[in-house]
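Report on the following structure.
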Amino acid sequence: MRLLLLHILLSIVTLTAAQPPLIPRQAFFQEKDQYNIRLSPDGQRVYYQRRSVQEGRLFYIETQRPGRELHLDAGGALLDWQPTHTGGLLAVVQRKSQQLAYLTDSDQQAITLFPFQQLRIEALSPRRPREFVASITAEADSLNGIYRINFNTGAMEKISGPLIFQKLYFSQKLDFCAARMQNDINGYSIYRFDGREWNEALRCPFDESQFIGGFQDVVSVSADGRYFYATDNTGRDKTVLLSVEVATGQQKLLVADSKADILPFGAMVGPDGRPQMVLSVFADARRHFLDARAQADFDYANRLLNSQASFADASADGNTWLLRRLDGGPMTYYLYTRGDRKLTRLFSDIPGLSAAPMASRRASDVVTRDGYNLPVHVYLPPGADADGDGLPEKPLPTILYVHGGPWVGVVHWNNWFHTRNFELLANRGYAVINTEFRGTTGLGKQFTDLGDRQWGGNMLNDLLDIADWAVEAGIGDREKLGIWGWSYGGYAAAAALAFAPDTFACGIAMYGPADLDAFLRIPFTDNNIWRTRVGDPNTPEGQQLLRSYSPTNYVSQFKSPILLTTGSKDGRVPQQQVDALARALHDAQKEVVYFYYPDEVHDYRDPGSWLSFWAIAEQFLHRYLGGQAEPVRDGLKKGNFKVVYGEDWINNN
């Protein structure tokens, strides 16, 4: 009897150790306070703004004393600002009118210009430390243009009239070198300036990566202005890094990746303006170094941060780096001095979660039934992976997350808007799988093309293959698999329950289309992109395809319960789409919970909407998958929503 009692007590202790305390959902949905985080050119300060504080206050910490926060008061809303190479700050301040000022710890120096309506700081340089370039829209049209300005004396030189480019790039002599603008084929063109005129150097047609800013852009300009470095995929499957000679337009291939697109953001640029590192993303970052010393220093810092380091900024001399730790949780910022290889923790962008146990995250590859590799991140509850092999000690209830678009690749891997949800679910005891699938962006044009007219076909098969892999790998329990997503992911969740009804025990679909034939006839989708990628409702073959892939037409095949939600002001997926699916499921006596937010748009923005959504969704998942759930308490009061189906169930939880 004593042995039995001891065994029970040990089991309770083990269970308690494996189940960390629930983190209140409120903690995951507090808005990040710090933003516009920048390292000063001398590496001595990190500047940032706070959303919780008046717009005119700029905060900083001195990197030698990171525990002490100081601030400058600009005396008005900061519209634009940049740390200068002289130790102060250049700022465009909204007072009674827009004004330009040079700020230091002890003084504010107004920079007197002609009256202007808008001023954008374009470039500063260590070679001309007291000067900057600005684009100015003046009150007098004749004064509009691009100016080189001395902020000490106010002397200014007009170097160009107004330009139609969306971005401008300069040498360290503050001369024009390159520019980017949208072209007449709905893509982007990159231009070079040979000293006399602008010449088109790269001409990129439209591709779906433009929904997340595009992969074709200038990364940097050499200090002497002879070269610029750009990402481009013209005539190629995947985006590469090129050097382009400014005078002649001659191109040279510098970096390519066989698995993913080289991205125009996240690069490490040296003092000479040359990229020292560029990256691609295949779940984890794939870094491509062009500078051996920079690679050695980064590898050392990365080891100190358990292989989770991410480059954010560098001092002008390149000897001091601002790094971030990216592990799926809140970002923690660090200062790394290369000379002594010293790493100093600065701050977390969500301090309230700094001490909370976060999920472990591991990248893997999944091979599809037809031989394609899909990147995945697996989030596991704290303590679930005792031996650190990336697998739980026993299969867990598992949720497969499907991102939107379907072209919104890359950005979901380390964006807190996404990962906060994975952390919440892992804290509740779920394994969470975040993935790419054919049709997405970031893995080359061919991989995007593989999704053409495959929403209910091979794109769905990719998700089913990942679910099978999770079970075979020992991550997921076959009887406790769930699928969840928003936008395209909402469609995918409903489609999975309709077309593979034995795979998932439940699904959550947020503002996803369900009747593709109707969806392809609204103004948002009435263009060749959607007709080519998804299906053409104007042809008999297209109509048949769209109807065959529409979950609304197959409600009789649903076996598992589904939770549906949307916003009434959604300008992309009309509420009628979700209404119709919910009504059809209810009329067919299927298990459906449906509530909507009258004031929400596509991708919920109000933290209260997310808090009330999860107050309901946690109970839904607990009921059908068995994970933990924070009690609802006042969670339902956080958001303004209306329940259509499932009101009794919601109110009784």
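We did not get these values from a lab; they are worked out from the coordinates using the rules stated. Since the structure is predicted, the reported quantities are computational estimates derived from the model, not experimental observations. All Cβ positions, even for glycine, are placed from backbone atoms using ideal geometry, and neighbour counts span all protein chains on display.
Show me the ranking of peptides 644-651, 465-472, 322-329 by mean Cβ neighbours inside 10 Å, starting with the highest.
Final packing ranking: 322-329, 465-472, 644-651.
List, in order, the whole-Hz ³J(HN,Hα) value for each residue of segment 140-147 obtained from phi through the Karplus relation with A = 6.51, B = -1.76, C = 1.60 and θ = phi - 60°; use x for Gly and Pro.
Couplings: 9, 4, 5, 9, 4, x, 10, 10 Hz.
Just to confirm the number: angle between the C-alpha axis of helix 488-499 and the first principal axis of the chain, 0 to 90 degrees, nearest 10?
20
What does the charge dipole of segment 385-486 about its Cα centre add up to, to the nearest 20 debye, if the Cβ of each Lys and Arg holds +1 and the Cβ of each Asp and Glu holds -1?
Here the size comes out at about 420 debye.
Sort 214-224, 387-397 by the packing proxy (mean of other Cβ within 10 Å over each peptide's residues), most packed first.
214-224, 387-397
Using only the alpha carbons of segment 237-287, determine the length spanned along each of the three principal axes and report them from longest to shortest in whole angstroms.
Principal-axis extents of segment 237-287 (Cα, largest first): 38, 28, 13 Å.
Can you find, among Leu443, Trp530, Gly457, the residue farthest towards the positive end of the dipole of segment 441-536? Put +1 on the C-beta of Lys and Arg, -1 on that of Asp and Glu.
It is Trp530, whose Cα lies furthest towards the positive end.
Just to compare against my own numbers: the Cα pair-distance distribution for segment 58-135, 5 Å bins, whole % per bin, please.
Result, from short to long distances: 3, 14, 26, 24, 18, 10, 4, 1, 0 percent.
Find the eigenvalues of the gyration tensor of the Cα atoms of segment 300-442, then list the square roots of 5 times those eigenvalues as equivalent ellipsoid semi-axes, largest first, in whole angstrom.
Over the Cα atoms of segment 300-442, the ellipsoid semi-axes are 29, 19, 15 Å.
In debye, nearest 20, what is the charge dipole magnitude of the chain about its Cα centre with +1 on Lys and Arg Cβ and -1 on Asp and Glu Cβ, if you could check?
That gives a dipole near 1080 debye.
Once you place label points 7 Å from the Cα toward the Cβ at Thr344 and Ala77, how far apart are they in nm?
Result for the modelled spin labels: 3.5 nm.
Please report Rg over Rh for segment 536-653, where both radii come from the alpha carbon positions and Rh follows the Kirkwood definition.
For segment 536-653, the value is 1.02.
For Lys637 and Phe211, what is the calculated FRET efficiency with R₀ set at 45 Å and r taken between the beta-carbons, to the nearest 0.05?
Efficiency computed from Cβ-Cβ geometry: 0.80.
Relative contact order, percent, of segment 113-215 when contacts are C-alpha pairs under 8 Å separated by at least 6 residues?
It comes to 16 percent, rounded to a whole number.
About the Cα centre, and with charges only on the beta carbon of Lys, Arg (+1) and Asp, Glu (-1), how big is the dipole of segment 339-395? Nearest 20 debye, please.
It works out to roughly 200 debye.
Going out from 0 in 5 Å bins, what whole percent of all Cα-Cα distances in segment 167-257 drops into each bin?
In whole percents, the pair-distance histogram is 3, 15, 27, 26, 17, 9, 3, 0.
Between Asp224 and Asp194, what is 0.36 nm times their sequence separation minus the Cα-Cα distance? Round to one decimal in nm.
9.5 nm
Using only alpha carbons, build the gyration tensor for segment 594-652 and give me the equivalent ellipsoid semi-axes, biggest first, whole Å.
Listed largest to smallest, the semi-axes of segment 594-652 are 19, 13, 11 Å.
For the chain, find the longest principal axis of its Cα atoms and tell me its angle to the long axis of helix 575-587, 0 to 90°, nearest 10.
For 575-587 against the chain, the angle is about 10 degrees.
Taking all pairs of different Cα atoms in segment 190-320, averaging 1/r and flipping that mean, what Kirkwood radius in angstroms comes out?
Kirkwood radius, segment 190-320: 15.6 Å.
Hey, what's the Cα Rg ratio for segment 253-379 versus the globular rule of thumb, 2.2 N^0.38 Å?
1.15
Between Rg and the Kirkwood Rh of segment 294-364, both from Cα atoms, what is the Rg to Rh ratio?
0.99
Would you mind giving the average projected area, over all directions, of the Cα convex hull of segment 268-313 in nm² with one decimal?
Answer in nm², one decimal: 3.3.
What does the convex hull of the Cα atoms come to per residue for segment 414-565, in Å³?
Expressed per residue, the convex hull around the Cα atoms of segment 414-565 is 125 Å³.
Which whole-number percentage describes the relative contact order of segment 55-158, with Cα contacts under 8 Å and a sequence gap of 6 or more?
16
Through the Karplus equation 6.51 cos²θ - 1.76 cosθ + 1.60, θ set to phi - 60°, convert the phi angles of segment 152-161 into ³J(HN,Hα) values in whole Hz; use x for Gly and Pro.
Per-residue couplings from phi come out as 7, 9, x, 4, 9, 10, 7, 9, 6, x Hz.
Whole-Hz Karplus ³J(HN,Hα) for segment 366-380, in order, using 6.51 cos²θ - 1.76 cosθ + 1.60 and θ = phi - 60°, x for Gly and Pro?
Those phi angles translate into 10, 9, 6, 4, 10, x, 8, 8, 10, x, 9, 10, 10, 9, 10 Hz.
Using only alpha carbon pairs under 8 Å that are at least six residues apart, calculate the relative contact order of the chain and give it in whole percent.
8
Cα-Cα pairs above 38 Å in the chain: how many percent?
41
In terms of modelled amide H atoms, which long-range or inter-chain residues lie less than 5 Å from the amide H of Leu443?
Excluding prolines and chain starts, which carry no amide H, the hits are Asp261.
Taking the mean number of other Cβ atoms within 10 Å as a proxy for protection, how do you rank 291-302, 565-576 from highest to lowest?
Output ranking for 291-302, 565-576: 565-576, 291-302.
Helix-only mean residue ellipticity at 222 nm, the chain, DSSP H runs n ≥ 4 weighted -39,500 (n - 2.57), per residue, nearest 500. What is it?
Mean residue ellipticity at 222 nm (helix-derived): -6000 deg cm²/dmol.
Would you pull out the residues with amide H under 5 Å of Tyr188's amide H, same chain only if 5 or more places away, H placed 1.01 Å from N?
Amide H neighbours of Tyr188: Asn183, Cys204.
By DSSP, what percent of the beta bridges with both residues in segment 339-469 are antiparallel, rounded to the nearest 5?
Expressed as a percentage, antiparallel bridges in segment 339-469 total about 75.
Name the residues whose placed amide hydrogens come within less than 5 Å of the amide hydrogen of Ala138, ignoring near sequence neighbours (fewer than 5 apart) on the same chain.
Gln117, Asn144, Gly145
Measure up Lys445/Lys569; Lys590/Lys637; Lys480/Lys559 against 21 Å on the Cα-Cα distance and list the ones that go over.
Correct reply: Lys445/Lys569; Lys590/Lys637.
How big, on average over all directions, is the shadow cast by the Cα convex hull of segment 520-586, in nm²?
That works out to 5.2 nm².
Modelled label-to-label distance, Gln26 and Asp105, 7 Å Cα→beta-carbon offset: nm?
3.8
Quick one: if you take sqrt(5λ) for each eigenvalue of the C-alpha gyration tensor of segment 368-437, what semi-axes come out, biggest first, whole angstrom?
22, 16, 10
What does the convex hull of the Cα atoms come to per residue for segment 86-231, in Å³?
138
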